[in-house]
Amino acid sequence: MNFTKMHGLGNDFVLVNGFEEDINDLNELAQQICDRHFGVGADGLVLILPSEIEEADFRMRIFNPDGSEPEMCGNAIRCFGKYVYENSLTDKNKIKVETLAGIIIPELIFEGDEVEAVKVDMGEPRLHSDDIPITGVDKDKVVKEKLDIDGEEYEITTVSMGNPHCMVFVDDADEFPVAEIGPKIEEHPRFPAKTNVEFIEVVNSAEIKMRVWERGAGVTLACGTGACGSTVASILNELTDNKVEVHLLGGDLTIEWAKNNHVYMTGPAEEVFIGEWRK
Ligand SMILES: N[C@@H](CCC[C@H](N)C(=O)O)C(=O)O
C-alpha cells in the first residue's frame, strides 16, 4: 500500500489514496500504522475517497491512533487539500470535502506555483450542550460550566467543531500538566463521546497560546479543530476579538469566527515523505 506522510504544524498523518488502494479493517490499520515504534508513526490515518454526495468533490475519513474514527480533523484537512491538488486528483483550488462533520472547504493559497498555506471554511461551531455532547446541563451555550476532577473544580467552555472540544483557561499553558489532567477530562463521564481537551492561556485580545490533549491520540503538537474551538471559547468568554493568532507547540494558526458564523482556519500543510506499507 502506497502512502504519503504529511503534517500540519507537527500534527502528523499517514494519507492513503483510496482511489488506488483497497483497504480493509481501517481501525486495526490505524493502530498499526500510527504506532511510533512498530509503525510509520502518526497522529492519524487519513483516507482520500470519492464522495457519495453530489455537493462534494471528495470524502475524507480519519482515524485516531487508538483506531477510533473522529468526525473531523482541522490539520488533516489542510493536508488533504494540498494532497489532492498536488497529486492531480483535482485542479480546483477550493475543494468541497465530505466529512462526518459535514462539508468542509479547504482553499489553497499559492506563492507562485507552490501551495503556501490552506485557508479552510470549517463551518459553524455548534454550542448547544446536546451537540457537544455534555451531560448534566441543558443549555444553548456551555460557558464557565463547573467540572469536578478528583475533587478539584475546573471551569470549562465546550464547543463542537463537528468533534467535541472542552476548553480550560489557565494562567500558564507551558507549565500546565496537560498529560495528567487531559485524559481525566477526555474520559470524564459527562462526555459520553469523550472529548478533546484544550488548555488556553490568553496572551492578549488577538493572541492565545494553546496546548492540547486529543481524544484517541493524547498530547499532540497542534490541533486545528481545537484551535477553532479555543478561539470560539475565548470569544464567548469575552477574552479576545473575533480573529486570533493561536500559538501551538508546532507553530501558529490564524483563526477567525466571522460574521456569517463560520470559522475560518489558515495554516500550513507539508509533505514529509512517501512510502510503501508492506505488512
Ligand atoms: N488533530 C485534529 C483532530 C483529530 C481528531 C481528534 N483526535 C478527535 O478525536 O476528535 C485536528 O487538527 O483537528
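Summary of values
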{"read-out": "Label-point separation, LYS259 to GLU153 (7 Å along Cα→Cβ), nm", "value": "4.0"}
{"read-out": "Sites matching GluC sites (Glu not before Pro) across the range 19-75 that sit in DSSP coil, with at most 14 neighbouring C-beta atoms within 10 Å", "value": "GLU20, GLU21, GLU52, GLU54, GLU55"}
{"read-out": "Qualifying aspartates and glutamates (Cα of each under 16 Å from Cα of LYS94; at least 8 residues distant if same chain)", "value": "GLU54, GLU55, ASP57, GLU86, GLU107, GLU111, ASP113, GLU114, GLU116, ASP121"}
{"read-out": "Cα centroid separation - the range 121-150 against the range 24-96, whole Å", "value": "27"}
{"read-out": "Of SER230, ASN204, GLY182, farthest towards positive along the dipole that unit charges on Lys, Arg, Asp, Glu beta carbons give the range 129-261", "value": "SER230"}
{"read-out": "Lysines with Cα under 20 Å of LYS139, excluding same-chain neighbours fewer than 8 positions away", "value": "LYS194"}
{"read-out": "Members of LYS119/LYS144; LYS96/LYS279; LYS119/LYS146; LYS141/LYS209 lying beyond 25 Å, as alpha-carbon distances in this model show", "value": "LYS119/LYS144; LYS96/LYS279; LYS119/LYS146"}
{"read-out": "Average accessible area per residue (Å²) across the range 1-150 - probe 1.4 Å, nucleic acids and ligands excluded", "value": "46"}
{"read-out": "Whole-percent carbon and sulfur share, accessible surface of the range 172-275, 1.4 Å", "value": "51"}
{"read-out": "Assigned charges on the beta-carbon of Lys, Arg, Asp, Glu; the chain dipole about Cα centre (debye)", "value": "260"}
{"read-out": "Computed lengthening from GLU116 to HIS128, 0.36 nm per intervening residue step minus Cα-Cα distance", "value": "0.8 nm"}
{"read-out": "Percent of beta bridges antiparallel (DSSP, the range 129-261, rounded to nearest 5)", "value": "75"}
{"read-out": "Gaussian network model of the chain, Cα within-10 Å springs - most flexible of ARG59, ARG36, ARG211", "value": "ARG36"}
{"read-out": "Sites ASP66 and ASN24, calculated FRET efficiency, Cβ-Cβ separation with R0 25 Å, nearest 0.05", "value": "0.85"}
{"read-out": "Rg/Rh (Cα only; Kirkwood hydrodynamic radius) as it applies to the chain", "value": "0.95"}
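The values are calculated or read from the model by the stated rules, or taken from the named source; none is laboratory data. This structure is a prediction, so every number in the text was calculated from the model and none was measured. Here Cβ is always computed from backbone atoms with ideal geometry, including for glycine, and neighbour counts include all displayed protein chains. Accessible surface is based on the protein model in full, side chains and every heavy atom, while ligands, DNA and RNA are left aside. Shrake-Rupley method; radii C 1.70, N 1.55, O 1.52, S 1.80 Å.
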